[in-house]
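Some notes on the structure that comes next.
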Amino acid sequence: MDVADVKAKTEAAPGVERHDVEAVNAAALGSLYKAREAIYPKRVAGFFRNFKWFIMWATLGVYYITPWIRWDRGGDLPDQAVLIDFAAPRFYFFFIEIWPQEIYYLTGLMVLAAMFLFLATALLGRVWCGYTCPQTVWTDLFIWVERRVEGDRNARMKLDRQPWTGNKIARKSIKHTIWLLIAMATGGAWIFYFHDAPDLLWLFPRGEAPVASYFSFALLTATTYVFGGHMREQVCIYMCPWPRIQSALIDEDTLAVTYRKGRGEARGAHKKGDTWEGRGHCIDCQQCVVSCPMGIDIRDGLQLECIQCALCIDACDSIMDKLDLPKGLIAYDTDLNINRMAAGETPRFRFLRPRTVAYAIILTVVGSLMLYGLLTRDYLELNVLRDRSPNFVELSDGSVRNGYTIKIYNMLPREQTFVLGVAGLDAPELHLVGDPQTYDVLPPLTVGPDQIRSVRIYVTAPEARLPGTHQSPVTFSVENTEVGTVNTSQTVFVVGAR
Ligand code: SF4
Ligand code: SF4
């Protein structure tokens, strides 16, 4: 029943109650839901399949192994090469250590990743989806396991049609157990990025790890198992926004997995010895369809469901080989080339286009700025916060005192000594809170490796030495006694209320 039927039915029935209309509507909407049809992708062999194997094992290897790579930073600093340490809080990436106030590096990294993805999509269509997206990689791994346990397409289809025999129960149990183990390894590897991996491996089974790690482990295990094993192509079609976004990023020059219909049509069965005269090279063998993990027919044109995994290219190329025809009936090509070939023109590729040039320029500019920022990075930061309550204190001798909290960030992996100075006031008296002594120049302050030192100081200025305004600008400075670098921070010294 479609919506028109529902309208006709409800409108043609005077006296129909509101709840009846809703019931009919619900029934109609129910019929709009299409139950998932199981897809049994057939194994293919060829260049793109091999390339996908390579990418799959490489990305999985990087994901599972990275937390176990050690990197000696000296002192008490973590020796894990890649670590997101929320407790510190720091992000460690080999020799780079990002502090919370440097979050703009993360922003830059996200802009770079987005631009790289935009550029890749404008040039090569959904290569991210087809080769490196985690959903694709883990689904590929789960299908590989399924094939090893239950056999290739026909065997799997036969097994699913069979009643629940001992053989079927055993195979399904083995498959789901392996899937669960992979999902657990995936969830397990994820939490190692947030804690020292060997420590966490020891604490986790004992129930002594942070609660968040158990929650993350459970969540990642469940999503990997459900998305990779059960939902598969449904995640790409219904849940992921990328297929919709990509339509704004591609154009008629974008390379995409394409059926060259000019060469393939008119399609039809072909017997050995038959002539190819007056017909196309597609023999309608359906090999491209049955090998597709999304269950679609590339011969219907570019479709939202197509993740551009190129497995249909391999499937069709093997058929072309058998027929002694040139490969490439399905190939990476562009819409424009398909039209050119149909018009008898020579196909050509145009990689330099306004959008690809714009993406490349943004990539270069943002990448260069980030590189420059990292190379000229300051490893010392000074942060000064003036007390607001009270704003100032007038002492019995008429002098005025302001309190400040000074934070010195030593971002180097070794202890540093700093001299703190105050400029802008005429001969102020300085007190370290908790130290009864009065200083003209404060004693040097040491800050441990990769640490923040916070000190509270009082600055007192005799009223006679102050200009007649309600506040004066002052500059705090810290000088690194080892290398002589100086960092400053501007604030004010408040003399009285406005
Ligand atoms: S695999 Fe090639 S020949 Fe076979 S149906 Fe697909 S396009 Fe046609
Ligand atoms: S149509 Fe071809 S490229 Fe697209 S998802 Fe299916 S097998 Fe992959």
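Annotation for the range 143-222 versus the range 267-340: alpha-carbon center distance of 35 Å. The magnitude of the dipole of the chain, with charges of +1 and -1 set on the Cβ of Lys/Arg and Asp/Glu and taken from the Cα centre, is near 2320 debye. Shown for Met56, Met239: other C-beta atoms within 10 Å of each C-beta, ranked fewest to most, produce the order Met239, Met56. Classify the range 321-372 as rounded, prolate or oblate from the Cα gyration tensor: take a ≥ b ≥ c as the square roots of its eigenvalues, call it rounded if a/c is under 1.5, otherwise prolate when a/b beats b/c and oblate if not. The shape class here is oblate. At a Cβ-Cβ separation cutoff of 4.7 angstrom, cysteine residues of the chain with no neighbouring cysteine are Cys129, Cys133, Cys236, Cys240, Cys282, Cys285, Cys292, Cys306, Cys309, Cys316. Normalised by the number of residues in the range 230-331, the average gap of Cα pairs under 8 Å and 6 or more apart makes the relative contact order 29 percent.
Compared with the dominant principal axis of the Cα atoms in the chain, helix 166-192 is inclined by about 20°. Lys/Arg Cβ at +1, Asp/Glu Cβ at -1, dipole of the chain taken about the Cα centre: which of Leu374, Trp128, Leu445 is farthest positive-ward? Positive-end residue among those listed: Trp128.
Provide the FRET efficiency to the nearest 0.05 for the Lys172-Ile96 pair, computing r from the beta carbons and using R0 = 56 Å. Kindly include the intermediate steps, with their values, before the conclusion.
Details: r = 46 Å, r/R0 = 0.83.
It comes to 0.75.
Could you tell me which of rounded, prolate or oblate describes the range 208-360, using a ≥ b ≥ c as the square roots of the eigenvalues of the alpha-carbon gyration tensor, with rounded for a/c under 1.5 and, failing that, prolate when a/b is larger than b/c and oblate otherwise? Since a/c reaches 1.5 but b/c is at least a/b, the shape of the range 208-360 is classed as oblate.
For the range 390-498, GluC sites (Glu not before Pro) are listed when DSSP marks them as loop and at most 12 other Cβ atoms sit within 10 Å of their Cβ; the list is Glu482.
Here's the picture: charge each Lys and Arg Cβ at +1 and each Asp and Glu Cβ at -1 in the range 40-377, and of Gly273, His230, Leu329 the one pushed furthest to the positive end of that dipole is Gly273. Residues Leu323, Leu420, Leu432 in ascending order of nearby Cβ atoms (within 10 Å, fewest first): Leu323, Leu432, Leu420. Projected onto their three principal axes, the Cα atoms of the range 410-451 cover extents of 36, 24, 11 Å, largest first.
Excluding same-chain neighbours fewer than eight residues apart, no lysines are reachable from Lys407 by a Cα-Cα span under 18 Å.
Averaging over all projection directions, the Cα-based convex hull of the range 380-494 occupies 7.0 nm² in the image plane.
How about the range 223-308: which trypsin sites (Lys or Arg not before Pro) there are in a DSSP loop, with at most 11 other Cβ atoms within 10 Å of their Cβ? Show your work: numbers first, answer last.
Working: sites: Arg232, Arg244, Arg260, Lys261, Arg263, Arg267, Lys271, Lys272, Arg279, Arg299; in loops: Arg232, Arg260, Arg267, Lys271, Lys272, Arg279.
Passing both the DSSP loop test and the Cβ count: Lys271, Lys272.
Within the range 144-199, which trypsin sites (Lys or Arg not before Pro) sit in a loop by DSSP and count at most 14 neighbouring Cβ atoms inside 10 Å?
Working: sites: Arg147, Arg148, Arg153, Arg156, Lys158, Arg161, Lys168, Arg171, Lys172, Lys175; in loops: none.
Sites meeting the loop and neighbour criteria: none at all.
State, as an integer percentage, the relative contact order of the range 52-116 based on alpha-carbon contacts under 8 Å between residues 6 or more apart. Could the numbers behind the result be given before it?
Working: 52 pairs, mean separation 10.5, N = 65.
For the range 52-116, the relative contact order is 16 percent.
The value of relative contact order for the chain, using C-alpha pairs under 8 Å at least six residues apart, is 13 percent. For the residue pairs Lys52/Lys172; Lys168/Lys322; Lys42/Lys327; Lys42/Lys261; Lys168/Lys327, the C-alpha atoms sit more than 31 angstrom apart in Lys168/Lys322; Lys168/Lys327.
I need the shape label for the range 159-239. Rule: rounded when a/c is under 1.5, else prolate if a/b > b/c, else oblate, with a, b, c from the alpha carbon gyration tensor.
Since a/c reaches 1.5 but b/c is at least a/b, the shape of the range 159-239 is classed as oblate.
Compactness ratio for the chain: Cα radius of gyration over 2.2 N^0.38 Å (N = residue count) comes to 1.44.
Just so you know, all these numbers are worked out from the coordinates, no wet-lab data involved. Just so we're clear, the structure is a prediction, and the values are computed from it rather than from any experiment. With ideal geometry, Cβ positions are generated from the backbone for all residues, glycine too; neighbour counts draw on all protein chains shown.
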